[in-house]
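The values are calculated or read from the model by the stated rules, or taken from the named source; none is laboratory data. Every value quoted in this text rests on a predicted model; they were computed, and no experiment measured them. Using ideal geometry, Cβ is built from the backbone for each residue, glycine included, and neighbour counts are taken over all protein chains shown. These area figures cover heavy atoms from the full protein model, side chains too; ligands, DNA and RNA do not enter into them. Shrake-Rupley method; radii C 1.70, N 1.55, O 1.52, S 1.80 Å.
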Amino acid sequence: MEERIAIETLRCFERFRIVRTLDVAANCFADRPYTAAQKAARRSVKLLLKRGAIRKFLSEHHQTFYALTSAGAAYLRSTGLQATSSVGRATTLTNPTHTLWINFVTLSFEARGVQAFTESEIMRMLSAGKGSVTKHQNRGVLQVTPSPKRGSESDLKLRSKKVTLLPDAIATEDDGLTWIEVDTSERGSSRMARLVGLLHKMGKELSVIASAHGIPLEQASLKRISLHFSAPGYLKRMRTRLMDLACATRDNILTESANNIRLVHIGDDVFEVYRAGDTPTGQADFCMGHAVLQMLPIGLPAFKSNIPNKSTHLQWFEGNHLPYRRPLSLGLWSAPRSNL
């Protein structure tokens, strides 16, 4: 069993390149309570460090993460898997917080049995057989028209400029796609406007994602936008913007224009997005999807089992918060599973 855990842990390193103990816990032990998962992950990381299969790094913000060594890559290759060292890349990183949290959210989806891809994985798929990834860095997967807040002269200039967006990650759920954004810094007005523009695309089929990942087009419509924040202030600012939008769109007649939406706050930082859709007798208003705001489980990496914290289980898979807090209409998440 120890060897199975080692191989699965190293596969996680090969896929994500830089990894925390928290990510190992989500990848291998999501079916356990957090204290047990954390303990098992730490033991696995310690053994791999002793074997020289991984190397420890410390970011400028004193965040510990690890990378796959040449010895670790060679071991994976000996099992028939492809692998390359990620130490070189890790050495150049000073603040990989954003990337690490994207990796964790992606792993959280997969622990629930939902396939998910990070931004870098999407870019590689888009570039497969078409030259270097760099060539496609500005390509993105969905074109939107930014929608700035009314009254801001500088932001109004954004309206005439369409931009093509790439998610931090994407998840392929049964009813469609979930677009994932991870904010580890404060979102400025231009990025805020782009997000509002993205809300106007709720329900649209993302054909680029369908083609790149072999997903049937009818299962590739945008159904959710899941926003994760590393600081309460970042979440509060986004909540205020969306509440303002909900007020502004409350009386919109959706059948007048395909560009009209109605945003409805249904509580607990969950918003419904309504657009007009076709029925046998004409057009009607439909809930096309949801936008969900929530904090990242920032307390988990430094969690100490000897310090009581009754809310910790809510941040782990024992609650309904990972990978995102599901709206009641969608039902609770299924029990998490382990890759072991």
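Points worth noting:
- Candidates T279, T249, T240, ranked by Gaussian network fluctuation over the chain, Cα under 10 Å, top entry: T279
- Here the Gaussian network model covers the chain, with springs between Cα atoms less than 10 Å apart; of T69, T145, T281, T281 fluctuates the most.
- Electrostatic bookkeeping for M288 treats Lys and Arg as +1 and Asp and Glu as -1; over the other residues with beta carbon under 14 Å from its beta carbon, the sum is +1.
- Burial ranking of peptide ranges 195-203, 105-113 (average Cβ count within 10 Å, highest at the top): 105-113, 195-203
- Area projected by the alpha carbon convex hull of the chain, averaged over all directions, nm²: 19.2 nm²
- Sorting the segments 8-16, 270-278 by their mean number of nearby beta carbons within 10 angstrom, highest to lowest, gives 8-16, 270-278.
- The overall shape of the range 244-307, judged from the alpha-carbon gyration tensor, is prolate: a/c is not under 1.5, and a/b is greater than b/c.
- Within the range 1-137, the ratio Rg/Rh, alpha carbon atoms throughout and Rh by Kirkwood, equals 0.96.
- Neighbour net charge for F317 - beta-carbon separation under 15 angstrom, K R +1, D E -1: +1
- Sequence of I170, I5 from largest to smallest accessible area, 1.4 Å probe: I5, I170
- Scalar couplings 3J(HN,Hα) for the range 54-65, obtained by applying the Karplus form with A = 6.51, B = -1.76, C = 1.60 to θ = phi - 60°, are 9, 10, 8, 9, 10, 6, 5, 9, 6, 9, 7, 9 Hz; x denotes Gly and Pro.
- Cβ-based net charge around H213, under 12 Å, with every Lys or Arg adding one and every Asp or Glu removing one: 0
- Solvent exposure of the chain amounts to 48 Å² per residue of accessible area, where only protein heavy atoms count and the probe is 1.4 Å.
- The range 178-294: C-alpha gyration tensor shape, a/c 1.5 cut-off, then a/b vs b/c: oblate
- The peptide list 24-32, 71-79, 251-259, put in order of mean Cβ contacts within 10 Å with the highest first, becomes 24-32, 71-79, 251-259.
- Across the range 187-195, computed HN-Hα scalar couplings (Karplus, 6.51 cos²θ - 1.76 cosθ + 1.60, θ = phi - 60°) run 6, x, 5, 5, 5, 5, 5, 5, 5 Hz from first to last residue, x flagging Gly and Pro.
- Listed values for the range 321-326 are Karplus-derived 3J(HN,Hα) couplings in whole Hz (6.51 cos²θ - 1.76 cosθ + 1.60, θ = phi - 60°), namely 9, 10, x, 8, 6, 6, and x replaces Gly and Pro.
- Less than 5 angstrom separates the built amide H of E173 from those of T178, all sequence-distant by 5 or more or on a different chain.
- Between 0 and 90 degrees, the angle of helix 97-111 with respect to the longest Cα principal axis of the chain falls at about 90 degrees.
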